[in-house]
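Structure record follows, encoded as C-alpha cells.
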Amino acid sequence: MSIIRKHSSERMSKINIHNGTIYFSGQVANDVTVGIKSQTQDCLKKIDALLLEAGSDRDNILSTTIFIRSMADFALMN
Amino acid sequence: MSIIRKHSSERMSKINIHNGTIYFSGQVANDVTVGIKSQTQDCLKKIDALLLEAGSDRDNILSTTIFIRSMADFALMN
Amino acid sequence: MSIIRKHSSERMSKINIHNGTIYFSGQVANDVTVGIKSQTQDCLKKIDALLLEAGSDRDNILSTTIFIRSMADFALMN
C-alpha cells in the first residue's frame, strides 16, 4: 500500500496518508510566548488547515496526544 | 470508511473504531491518591472493560504508551 | 484480521503487524550513559534493524514520537 505525503521536508511530512488513515506531525503554536489559550487556538487552527488539506475534518479524528508544560495550564487549554 | 464511537462526550470518545483498528482514549485511575500499584491495576481494569466492549481483548493490543510521574514508580507499575 | 508479532516477551512484542501497518515498541539506546548523539544513533540503528526485519524501511514511516530528557539535547538529537 502506498503512502501519500504532503508538506515534506528532509526530516518529516506534516501529512501522511496510508490505508485510509491520515497521520499528522505534531503542531505547536507559532508564538510560544503567548498564553496557553492563544497557543491552543493557534494549534487548533493549524490542525484544522491540515485536516482540510488532507480531505478530512475534526469529526474524523481517531486519536491525539496533547503535551502541556504544566497541569496548571490544563483548564485554559481545555 | 466510517467511524464507530462509544462513550462520546463533547470532547472525545473513549472508544473509536475505524478500518479494523480500535483507538481508546487515555485511562487514569479513579483514585490518584493511592500508590502506583493500585493505580496501575485500576487502569488495567478500565482498559479490559473498554476492550471487551469494543469486541477485543489484551491479546490484540497493537500499541500503547504509558506515562508515569517518576521512574521510581516503574518497577511497581510493571 | 490477524496480528503478526515478532520478538515477543510476556510483556510486549517489538514488532506488531496488523492490516498493512507495523507497530514497533519504543527503542532506547543500549548505553544510556553516553551523549545524546550516540544514543540517537544507537536508537536509529535498532529501528532500522526492526524495519528491515518487518519488511519495511525508513521511507515508510508514518508516525513516531521522540522523548528527550531536556530540550538542551534537541539540536544534537536532530
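The values are calculated or read from the model by the stated rules, or taken from the named source; none is laboratory data. No experiment lies behind these values; they were computed from the predicted model shown. Here the Cβ is made from the backbone with ideal geometry for all residues, glycine too, and neighbour counts use every protein chain on show.
A few notes on this one:
- The one condition in (1) touching a residue at least 24 places away in the same chain (Cβ under 8 Å); (2) within 26 Å of residue A:68 (Cβ to Cβ) that residue B:10 fails to fulfil: (1)
- Residue check: residue A:68 meets all listed conditions (1) surrounded by 11 or more Cβ atoms within 10 Å (Cβ to Cβ); (2) within 30 Å of residue C:20 (Cβ to Cβ) but one, namely (2).
- Pairs with Cβ under 6 Å, 6+ apart, first in the range A:16-29 and at the interface with chain C (Cβ under 9 Å from one of its Cβ atoms), second at pLDDT below 95: A:19/A:1
- Qualifying residue in the range A:32-44 (condition: closer than 26 Å to residue B:20 by Cβ and free of Cβ contacts under 8 Å to residues at least 60 places away in the same chain): no
- Matching residues, the range C:68-78, being within 25 Å of residue A:5 (Cα to Cα) and in contact (Cβ under 8 Å) with a residue 12 or more places away in the chain: C:77
- Subset tally (residues that are in a helix (DSSP H, G or I), within 14 Å of another protein chain (Cβ to nearest Cβ) and either hydroxyl-bearing (Ser, Thr, Tyr) or more than 13 Å from the chain's Cα centre (by Cα) (or both)) for the range C:30-59: 2
- Residue check, residue B:76 more than 9 Å from every other protein chain (Cβ to nearest Cβ) and surrounded by 15 or more Cβ atoms within 10 Å (Cβ to Cβ): no
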